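S.K.: Input: one structure, supplied below.
The values are calculated or read from the model by the stated rules, or taken from the named source; none is laboratory data. This structure is a prediction, so every number in the text was calculated from the model and none was measured. We place every Cβ from the backbone using ideal geometry, glycine too, and count neighbours over all the protein chains shown. The area values use the complete protein model at the heavy-atom level, side chains included, leaving out ligands, DNA and RNA. Shrake-Rupley method; radii C 1.70, N 1.55, O 1.52, S 1.80 Å.
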Amino acid sequence: MKDEFFMRRALCLAKKANYKTSPNPMVGAVIVKDGKIISEGYHKKAGMPHAEAEAISKSSYELKDATLYVTLEPCCHRNKKTPPCTEAILTSGIKRVVVAMRDPNPEVNGKGIEILRAHGIEVIEGVLESKAKKLNEFYIKYITTKMPFVILKIAMTLDGKIATPEGESKWITSEESRKLVHKLRSQVDALITASGTVLADNPQLTSRIKGGKDPVRVIIDPELKIPSNYNVYKPPPKTIAVVKAGLANSYKAKILLSQGVEILENNSERIDLYWLMKELGNRGIISVMIEGGSSLNAYALKDKIVDKLMIFIAPKIIGGKDSFPCVGGNFYRKLNEAYQIENLTVKKLREDILISGYIKK
C-alpha cells in the first residue's frame, strides 16, 4: 500500500507535463527516505532532464538507502540528448527502485531494470502498471509501431447525425464539450481533417488553450480545392496538405509552399490513411485526432487506423434521411463483423454525454 501511495504521487507529477514531452513519454519520479518524500521530479519536455535525474539532482538530502518511485523504467542507452538515468541512480546511493511499467522502447525494455539489479539495487515492477500504461498510450503505440496513436472524435445528435442536409453543424454540442475538444487538441501532436469539412466551416483547427500547444494541421485536400487564404493554410501552426500525385508542382501548390505549407503527395486513387499514418510517424508525430465528416470517419475505420473513439452526444434530434450520419461511406460491415468497442467509459458534460472506448483489434 505504501508503494501504491508514492507511485500515485509519481503519476500525478508525470501528468504535469500535459503532453508536452512528445515524442518522449510523460514520466514522474519520487524519492522517499524513512517514509518521507525528500525529492520529486518529472520530465517536462523532450531534451530536458528525465524525471529520475531531476529528482536526484534536486535533492538536498543524502540519498543512501533511499527508495525511488518512477512511472517508467529508467533509461539505459545513449541514443538521446540526455545521459542514461541508470547511471544517475547507481551513483546516487539509492538502494530500492519501484517501477510502474517497463519501457517498451526496444533500446530499454527490461535492460534498465537488469542493470540496476546487477548492481545490487532491489527493483519492484508493476505497481499501478495499468494507470501508467493509460497515461502513456500515445508513446506506447508509437515506440512499438512507429505509427501515431489515433483518436477518432465525433460530435453528433442522439439520432447519430453530424450535420443537416445543407451541411449545417454549428453547433451540435455544447460550449463545455467544445472546450474539452480544444483541450484534447492541445494534447495531440496533429489534427486530421478533409477538404469537405474545411470548405464548409473554414475552421482554424487550433487549441485556443492558454499555455497549451497547437497541433500540426493535416489537411486531406486531394484536388487542392481549399482556397489558399483559408484559415488552415495560415501559419502558425504548421500545416501539411495531403494531395494526389502530380499536384505538388501545380501553381496552387507553389502558393501554399510559399506560405510555409508542406505538400505531401499520395499515389493512391484515394488517399491511403494507413500510408499517411506511417508518413506522420516518420515525422515524429506520435498522436493524432481526426475531426472530419462522415466519409473520413468511415475510411479511418475501414483502413484500421483508429485506436480510440471519443463520441460527444448532444440531446438533440435532427432527423431526415439526407442528414449526414456520423459514419458514412458506401460500404458497411455485417453485424457479426461490426467494429467492436471495448473499455467503454461514459461521462456527463452538463447537457451532453461523452462516450469513449477503444477499437477491439
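S.K.: Find the residue count for the range 105-150, including only residues that are under 13 Å from GLU73 (Cβ atoms) and not in a loop (DSSP other than H, G, I, E, B).
M.R.: 16
S.K.: While we're on this one: Is it fair to say LYS225 is touching a helix residue (DSSP H, G or I) at 6+ places or on another chain (Cβ under 8 Å) and surrounded by fewer than 20 Cβ atoms within 10 Å (Cβ to Cβ)?
M.R.: When the stated conditions are applied, LYS225 passes them.
S.K.: While we're on this one: Show the residue pairs meeting these rules: Cβ distance below 9 Å; 6+ apart or different chains; first residue within the range 160-173 and without any contact (Cβ under 8 Å) to a residue 24 or more places away in the chain and within 13 Å of GLY319 (Cβ to Cβ); second residue of a type in the set (Val, Ile, Thr) and not in a loop (DSSP other than H, G, I, E, B).
M.R.: none
S.K.: Considering the range 187-234 alone, what residues qualify as being closer than 18 Å to LEU152 by Cα and over 17 Å from the mean Cα position of the chain (by Cα)?
M.R.: Of everything in the range 187-234, those that are closer than 18 Å to LEU152 by Cα and over 17 Å from the mean Cα position of the chain (by Cα) turn out to be ALA194, SER195, GLY196, THR197, VAL198, PRO203, ILE219, ILE220.
S.K.: Output the residues belonging to the range 177-200 that are touching a residue at least 12 places away in the same chain (Cβ under 8 Å), closer than 22 Å to GLY211 by Cα and open to solvent by 50 Å² or more (accessible area, probe 1.4 Å).
M.R.: Across the range 177-200, the qualifying residue is only LYS183.
S.K.: Follow-up. Restricting to the range 130-162, and then to whatever is open to solvent by 70 Å² or more (accessible area, probe 1.4 Å) and under 19 Å from the mean Cα position of the chain (by Cα), can you tell me which residue is nearest to TYR299 (Cα to Cα)?
M.R.: Only one residue tops the list, namely LYS146.
S.K.: Inside the range 165-186, can you point out the residues that are in a helix (DSSP H, G or I) and closer than 13 Å to ILE154 by Cα?
M.R.: Result: SER177, ARG178, LEU180, VAL181, LEU184.
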